[in-house]
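Only one structure is covered here, and it is reproduced in the block below.
The values are calculated or read from the model by the stated rules, or taken from the named source; none is laboratory data. Here the structure is a predicted model, which means the values were calculated and not measured. In this analysis, Cβ positions are derived from the backbone assuming ideal geometry, glycine residues included, and neighbour counts consider all displayed protein chains. For accessibility, only protein heavy atoms count, side chains too; no ligands or nucleic acids. Shrake-Rupley method; radii C 1.70, N 1.55, O 1.52, S 1.80 Å.
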Amino acid sequence: MTGLLSYLVFFLIQALIYALVALGLNLQWGYTGLFNIGVAGFFLVGSYTFAVLSGPAYATHLGGFGLPVAVGILGAMAMAGLIALVVGIPTLRLREDYLAIATIGIAEVLRLVALNARGLTGGSRGAQSIPRPFQGLELGNVASNLVFLVLVAALVVLVYLALETMVRSPWGRVLKAIREDEQAASSLGKDPFRFRLQSFVLGCAIMGLGGALNASFVGFVAPTDFLPILTFEIWAMLIVGGSGNNRGALLGSVLVWAFWTGTGSIAQSLLPSGLQVKGGALQVILIGAVLLLILMIRPRGLIGEERTVSREAELGGDGRT
Amino acid sequence: MAMLEVNGISKSFGGLQATTDLSFKVEPGEIVSVIGPNGAGKTTLFNLITGVYRPDQGDIRFEGQSIVGLKPNQIVDRGIARTFQNLRLFTNLSVLDNVLIPQHHRLRSTWWSAVLRTPGYRRREQQMHDLALEKLSFFGPRLMSFRLHQPVYVLSYANRRRTEMARAMATGAKMLLLDEPSAGMNPKETVEITDIIRRMRDEGGYTILLVEHKMNLVGEISDRVVVLDYGQKIAEGAYQDVVDDPKVIEAYLGKRAQDEADSEAAAGGQA
Ligand SMILES: Nc1ncnc2c1ncn2[C@@H]1O[C@H](COP(=O)(O)OP(=O)(O)OP(=O)(O)O)[C@@H](O)[C@H]1O
Ligand SMILES: [Mg+2]
């Protein structure tokens, strides 16, 4: 029983970390129409930045600043946002396909840097002993996971509420206007570039937050954590749940992660040992099939986009008419 | 000082000269109509004024300052807003949202003030909402009450035109460029929109430059009419003088005669 419960805690932590990343992607794609297919890269930046800022001193690579976990997390978000700024400034003025090309490229470049810049990242062996929050309390394993779950859940709620408020604000309305018709938006006095850049940077900072939490939870980062398959998983979460809807992003993350881990363990128990390594490929095929199914049956995801009129505007409208 | 001053602008697309050495002025508070046969360059003129295209030659001044080279969104900030011949509404968003969107930049609301829900933010939201209703109420009850929260894609074509006009007004511009505001409207609705455009000037204080094919509307409300043909101005003046101008008659009738000849030839070819 406790085994199942602790597994559930473990599962939820991971699902909620991905939920954060999916929320960041939803701001970019769901609300602004930005095609970011380098999610793994911004997750990576968050992970390594956190390891460097809050991790212990490493013998062979950068670290040892020993900053508090909160500072490490903020630093990770800032760094991911900064990279987004560097990628976004030259590409967001251009047609949307340029962002796709640039993001997929930067994600791979970042992964190769992580693999090869040993002095910075620890190379293929990665960075170990990354701290968790409240490490000093010497909590047991179960308690430590529970505390972490509460922390991640709180952050998810916080980010969710902030994003909900923002997308219903005048600022969020402009994002959607740009997504719908850029030329019309600029004919109404909006500079599409500025809004796209803001949305992109903010979304990537949230991905960086996810990366930092992941590094802290797992306690270890290595370049193999950031393969393009991660980007694919996050996209699958958003599409299954329903892009353009933050609740959809949350739901999709939990469901797809459950499916992913579920098929993983089934593959492990069913497949003969010789084929175990191929199990991963089978998972990808299965999730691809689920995606196709969703796109055919519910093209807007399980919970699609909803109408968003700001609360004040709506109240004012009802009060008057 | 003229509100809008177009000085000798030309624009070509490859080999096609869409606008040739065009000049005219619009005074504050005027309603000026631009007419001309299909393909005369009327929409191109709007695109040049609003910064979608940049003229190859010539200057465009708004309230005395050149606006050539500014981006479309900067030109809106100066005070010129437009509607589109083919409608460019945000069709998945509600009528109210469409009219709220253009107000964002005037009321200076940032994403963090939205997150913190500051009192100033709530007040601005209320102001934006009031202004949206004020602009929508130009069209009587047609866009009010339950329509406010309907997505634009369920609206009739005529109501979409009205929504787009309200949206242009909500930018806070002083001057409106309306590209065929009565297109797709029946005769009764055309009479109504004619009256509304006049009220937009009289009560709303807007200066209006409009493109129209319906001559009863043009004759009814225009202080002046500019006639284009093949990108050139062939006449300008009061409606009655312009329609009696032989050059204008030729531009329209000559076209029609030409078209008839073409279609007869085509019909003959088929037989
Ligand atoms: N972006 C463009 N590229 C090439 N040609 C263009 C472009 N925009 C307009 N034209 C051409 O310029 C000419 C004028 O077009 P414009 O749309 O301004 O005419 P119009 O007077 O608005 O006609 P209508 O009454 O049919 O709306 C046409 O021959 C058109 O094909
Ligand atoms: Mg036209």
Report summary line: Screening B:102, B:55 for residues that are open to solvent by less than 60 Å² (accessible area, probe 1.4 Å), within 23 Å of the chain's Cα centre (by Cα) and within 11 Å of chain A (Cβ to nearest Cβ) leaves only B:102
Requested in this report: Can you work out which of the residues in the stretch B:185-214 that are within 16 Å of ligand 2 (Cβ to nearest atom) and surrounded by fewer than 20 Cβ atoms within 10 Å (Cβ to Cβ) is farthest from residue A:189 (Cα to Cα)?
Outcome: B:214
Report summary line: In the stretch A:150-167, anything surrounded by 18 or more Cβ atoms within 10 Å (Cβ to Cβ), over 21 Å from residue B:96 (Cβ atoms) and more than 8 Å from every other protein chain (Cβ to nearest Cβ) is listed as A:151, A:152, A:155, A:156, A:159, A:163
Requested in this report: Take the residues in the stretch A:168-201 that are in contact with a Phe, Trp or Tyr (Cβ under 6 Å, 6 or more places away or on another chain) and of a type in the set (Val, Ile, Thr), then tell me which one is farthest from the other protein chains (Cβ to nearest Cβ).
Outcome: A:178
Report task. Select from the stretch B:126-157 the residues that are among the aromatic types (Phe, Trp, Tyr), without any contact (Cβ under 8 Å) to a residue 60 or more places away in the chain and either open to solvent by less than 30 Å² (accessible area, probe 1.4 Å) or outside any helix (DSSP H, G or I) (or both) and list them in ascending order. Result -> B:139
Report task. For residue B:231, state whether it is modelled with pLDDT under 65 and open to solvent by less than 90 Å² (accessible area, probe 1.4 Å). Result -> no
Report summary line: Of the candidates A:83, A:37, the one satisfying the condition of being touching a residue at least 60 places away in the same chain (Cβ under 8 Å), assigned to a loop (DSSP other than H, G, I, E, B) and open to solvent by less than 50 Å² (accessible area, probe 1.4 Å) is A:37
Query raised in the report: When residues of the stretch B:59-81 are filtered for being within 16 Å of ligand 1 (Cβ to nearest atom) and either open to solvent by 10 Å² or more (accessible area, probe 1.4 Å) or touching a Pro at 6+ places or on another chain (Cβ under 7 Å) (or both), how many remain?
Result: 1
**Report entry** Selection within the stretch A:114-136 - part of a helix (DSSP H, G or I) and exposed (fewer than 15 other Cβ atoms within 10 Å of the Cβ)
**Finding:** A:116, A:118, A:119, A:124, A:125, A:135, A:136
Report task. Residue by residue through the stretch B:21-50, note down the ones that are within 11 Å of ligand 1 (Cβ to nearest atom) and of a type in the set (Ser, Thr, Tyr). Result -> B:43, B:44
Query raised in the report: Any idea which of B:222, B:182 is away from ligand 1 (no atom under 16 Å from the Cβ) and surrounded by 14 or more Cβ atoms within 10 Å (Cβ to Cβ)?
Result: B:222
